[in-house]
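Take a look at the structure below.
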């Protein structure tokens, strides 16, 4: 049985992907923030198939100490019951913030959750991913186009704008996926980014202000149901011949921003390693 | 430049620390939340490579403050700037709270701020300019029913700072008072803003801009900083409209907001 870890798995795209993969026979390990939502999600999945393998872990992944804590638990679980193998990690958890807000480390929250959390969690689960020649899938967005990384101010302390922060964090998802492939493709690991399209979820209504709330309430009505993008995640988990592409929409490759270069990917990798105080090159050496 | 920040692990304190660290200042951070300080120290050092010293301290406790001062003196740390950020509030009716909780607001916002200010001015770097920032609030401009203790404690800081500024003017010290409107410093703050609908967004000051301007203005010798045009208008109105009227309006407005349910 294949094991998959999904972050932000208690609602929206993460929940639908968890449901679909559970139906396809995966052992699903979900991560969520709210205990109530996680319990509900688990019940829902079990109600569709009493034999489904599903487990939820609680963590607020925006905070690095929480990533460290939950990854230890998951690694212990994988070693105990899954032969230390992880077939897919879906870094899906994301947020929108109307205002500049920081984590305990003082990092801007969209950058911290949408990018750094996945960067750190992937690092922590890398040995298990290597063992299973697993895949790492990020939830991206077409909004990553038409923006550059603000290298001199990635936390956007100057003129913070919710959309800029979101777009940049989604560009980082692509750069991270490229950086992973450049480094670990030879180990059998492949990283992808899914463009879910416009999806009817609550991302813009959680902890946002009046304006973002209003815009998203109107906008999400035109979105598809989250079970549509879920199929693309399942495709990328299931497909036998590993596709070469990086960015997928409706199970097909798609063009991405010209900003996704090796130079930028390396630069982000180096910066993220510093901000998480880790070195990917030294995995397994501690 | 050595900067002491109190309440550094909270939302505003972290933003101040980020701003100062981005300017290359060395930081001495204190807060009652030790874990928060540890995380922030890591984050600042990784981002900016500055020297960050942290020490958990309950500023309302004399012994705790003395212990911190001993450490400061032992290492001979001397300061160029003090940012008094530590403060607290329990919103709601005066009689709806436990007695000692209310007293604690004044103990921290006022008594502790005086304690640390006195101690750090004594430990200013000799022969150099010294800068002090008091974090007051837009609430200091009016009597505020349902935030009565908090608003009065912030008024104390505003008046105190103005007087202290005059006393220390000739000693190359500048004192600035920051009087912000709402800022999104905690997850709970978002609910309060949401409950106010459009006005919540309109009176909310962007944290990152406020901290940058605060440091700029404090260093260039300004006395008062009220961020945002709307807030400046409100503070002006607070001066010309009779305070009993203001109290009435504010009472009804906040009553409604907290009635909307999500205001914390």
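Is at least one residue of the stretch A:203-220 farther than 17 Å from residue A:16 by Cα, more than 14 Å from chain B (Cβ to nearest Cβ) and in contact with a helix residue (DSSP H, G or I) (Cβ under 8 Å, 6 or more places away or on another chain)?
Of the residues in the stretch A:203-220, the ones farther than 17 Å from residue A:16 by Cα are A:204-219.
Narrowing further to those that are more than 14 Å from chain B (Cβ to nearest Cβ): A:218-219.
Narrowing further to those that are in contact with a helix residue (DSSP H, G or I) (Cβ under 8 Å, 6 or more places away or on another chain): A:219.
Scanning the stretch A:203-220, I find at least one residue that is farther than 17 Å from residue A:16 by Cα, more than 14 Å from chain B (Cβ to nearest Cβ) and in contact with a helix residue (DSSP H, G or I) (Cβ under 8 Å, 6 or more places away or on another chain), so the answer is yes.
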Please work out which one of (1) out of contact with any strand residue (DSSP E or B) (no Cβ under 6 Å at 6 or more places or on another chain); (2) at pLDDT below 95 is the condition residue B:163 fails and give its number.
-> (2)
Restrict the check to the stretch B:44-59 and report whether at least one residue is in contact (Cβ under 8 Å) with a residue 24 or more places away in the chain, surrounded by 24 or more Cβ atoms within 10 Å (Cβ to Cβ) and within 10 Å of chain A (Cβ to nearest Cβ).
-> yes
Out of curiosity, is residue B:75 out of contact with any helix residue (DSSP H, G or I) (no Cβ under 8 Å at 6 or more places or on another chain), modelled with pLDDT of 95 or more and more than 30 Å from residue A:157 (Cα to Cα)?
-> yes
Working carefully through the options A:228, A:154, A:199, find the one that is surrounded by fewer than 18 Cβ atoms within 10 Å (Cβ to Cβ) and either touching a strand residue (DSSP E or B) at 6+ places or on another chain (Cβ under 9 Å) or within 14 Å of another protein chain (Cβ to nearest Cβ) (or both).
-> A:228
Is it the case that the stretch B:157-168 has a residue that's touching a helix residue (DSSP H, G or I) at 6+ places or on another chain (Cβ under 6 Å), more than 14 Å from chain A (Cβ to nearest Cβ) and surrounded by fewer than 21 Cβ atoms within 10 Å (Cβ to Cβ)?
-> yes
Where in the stretch A:182-283 are there helices (runs of 4 or more DSSP H), lying fully within it, with 3 or more residues that are over 18 Å from the mean Cα position of the chain (by Cα) and farther than 20 Å from residue A:91 by Cβ?
-> A:210-220
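Here's a check for you: in the stretch A:65-82, which residue that is touching a residue at least 60 places away in the same chain (Cβ under 8 Å) and assigned to a helix (DSSP H, G or I) is farthest from the other protein chains (Cβ to nearest Cβ)?
Quick first cut of the stretch A:65-82, residues touching a residue at least 60 places away in the same chain (Cβ under 8 Å) only: A:74, A:78, A:82.
From the residues that got through so far, the ones that are assigned to a helix (DSSP H, G or I) too are A:74, A:78.
Details: A:74: 22, A:78: 27 Å.
Taking the candidates together, the pick is A:78.
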Search result, residues across the stretch B:173-209 that are more than 10 Å from chain A (Cβ to nearest Cβ) and under 17 Å from residue B:83 (Cα atoms) | B:173, B:174, B:175, B:176, B:177, B:178, B:179, B:180
Pairs with Cβ under 7 Å, 6+ apart, first in the stretch A:270-285 and at the interface with chain B (Cβ under 9 Å from one of its Cβ atoms), second at pLDDT 95 or above and part of a loop (DSSP other than H, G, I, E, B) = A:275/A:107
Applying the selection to the stretch A:47-64, what residues are touching a helix residue (DSSP H, G or I) at 6+ places or on another chain (Cβ under 7 Å) and within 14 Å of chain B (Cβ to nearest Cβ)?
-> A:60, A:62, A:64
Taking the stretch B:111-126, which residues are more than 17 Å from residue B:64 (Cα to Cα) and assigned to a helix (DSSP H, G or I)?
-> B:121, B:122
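Any residue at all in the stretch B:74-82 that is more than 14 Å from chain A (Cβ to nearest Cβ), under 17 Å from the mean Cα position of the chain (by Cα) and touching a residue at least 24 places away in the same chain (Cβ under 8 Å)?
Let us first name the residues in the stretch B:74-82 that are more than 14 Å from chain A (Cβ to nearest Cβ), namely B:74-82.
Applying the additional criterion that residues be under 17 Å from the mean Cα position of the chain (by Cα) yields B:81-82.
Keeping just the survivors that are touching a residue at least 24 places away in the same chain (Cβ under 8 Å) gives B:81-82.
Looking through the stretch B:74-82, at least one residue is more than 14 Å from chain A (Cβ to nearest Cβ), under 17 Å from the mean Cα position of the chain (by Cα) and touching a residue at least 24 places away in the same chain (Cβ under 8 Å).
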Of the residues in the stretch A:1-16 that are under 12 Å from the mean Cα position of the chain (by Cα) and outside any strand (DSSP E or B), the one that is farthest from residue A:62 (Cα to Cα) is A:13
With criteria (1) surrounded by fewer than 22 Cβ atoms within 10 Å (Cβ to Cβ); (2) part of a helix (DSSP H, G or I); (3) touching a residue at least 60 places away in the same chain (Cβ under 8 Å); (4) within 14 Å of chain B (Cβ to nearest Cβ), residue A:164 comes up short on (3)
Does at least one position in the stretch A:126-140 carry a residue that is part of a helix (DSSP H, G or I), touching a residue at least 60 places away in the same chain (Cβ under 8 Å) and within 27 Å of residue B:194 (Cα to Cα)?
-> no
Candidate set: the stretch B:4-38, residues that are more than 9 Å from chain A (Cβ to nearest Cβ) and assigned to a helix (DSSP H, G or I); chosen: the one farthest from the chain's Cα centre (by Cα) | B:34
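The values are calculated or read from the model by the stated rules, or taken from the named source; none is laboratory data. Predicted, not measured: the structure shown is a model, and the values here were computed from it. Glycine gets a Cβ as well: all are built from the backbone with ideal geometry, and neighbour counts include every protein chain shown.
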